[in-house]
Amino acid sequence: MSFYCIPPTFDATIDSAGDLPGPSVEMMWVGVSLLPTVCGDGLVGIDERCDDGNNTPGDGCNATCQEVEPCFTCAGDPSTCTRSIVTCTDGDGCCPAGCGSTTDDDCPRAVSCKQAKAKAAGKKAEGLLKAFGKNEKRPNALKLAQDISKAQSKFTRQYTREESKGGCQTIGDVDAMEAKVDAFVWDVIDEICLP
């Protein structure tokens, strides 16, 4: 720690050397740390939001001590971080201890399952629209039927494989989702084919 001597403030106008503060004027000492802040030392530095004594992410204070992680609150020196959300609630961005993908859609497996199912639905719609587009260019009923069948079986295979991994919030809805994708594709085709 370095110390700097700072004269007290005064409001007098200085118009001669005698008015300047001299040895008889009382001085203040101010401590200023010149050491860099170190994340993980357990001391919350001036450029840190928290410091829990380590550089481990996922415990409330991120690896750089610059942010308190979502779903946590941190206080103290060293920082004690606790989960601020402890109930399983869909859509809050948190996956508290004891929650799983079947009880909270923010838990990793539930999120990855939703993403995979949405991707499978998008791929099916893309496959069907491509099949109809190719058939418009070069009509071939047999090829169209094969392409439609390929898109359907690929969708069903991807969708059910994802459900078999466990952790999905919804299961057994492959037929209902496939009907929604098919209805969307038919709506698009109807719009495109209107005179």
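FYI, it's all coordinate maths here, none of it is from the lab. This structure is a prediction, so every number in the text was calculated from the model and none was measured. When we count neighbours, we look across all protein chains shown, and the Cβ atoms used for this are built from the backbone with ideal geometry, even at glycine.
Which FRET efficiency value, to the nearest 0.05, is calculated for Ala183 and Gln66 with the Förster distance at 30 angstrom and r the Cβ-Cβ distance? The calculated FRET efficiency here is 0.05. Taking a point 7 Å from the Cα of Lys123 along the Cα-to-Cβ direction, the residues of the range 129-172 with backbone N closer than 14 Å to it are 150-163. Short-range pairs are left out: with C-alpha atoms under 8 Å and at least six residues apart, the relative contact order of the range 75-155 is 18 percent. Each residue in Asp41, Asp175, Asp106 was given a count of other beta-carbon atoms within 10 angstrom of its own, and listing them fewest first yields Asp175, Asp41, Asp106. From the C-alpha coordinates alone, can you work out the Kirkwood hydrodynamic radius of the range 63-182, in Å? It works out to 17.2 Å. Straight Cα distances below 14 angstrom link Lys130 to the aspartates and glutamates Asp147, Asp182, with same-chain residues fewer than 8 positions distant left out. Cross-link pairs exceeding 28 Å between alpha carbons, from the set Lys114/Lys137; Lys134/Lys165; Lys143/Lys165; Lys119/Lys165; Lys117/Lys137; Lys137/Lys180: Lys114/Lys137; Lys134/Lys165; Lys143/Lys165; Lys117/Lys137. The Cα center of the range 46-125 and the Cα center of the range 169-188 differ in position by 31 Å. Taking a straight Cα-Cα cut-off under 13 Å and skipping sequence neighbours fewer than 8 places away in the same chain, the aspartates and glutamates within cross-link reach of Lys150 are Glu126.
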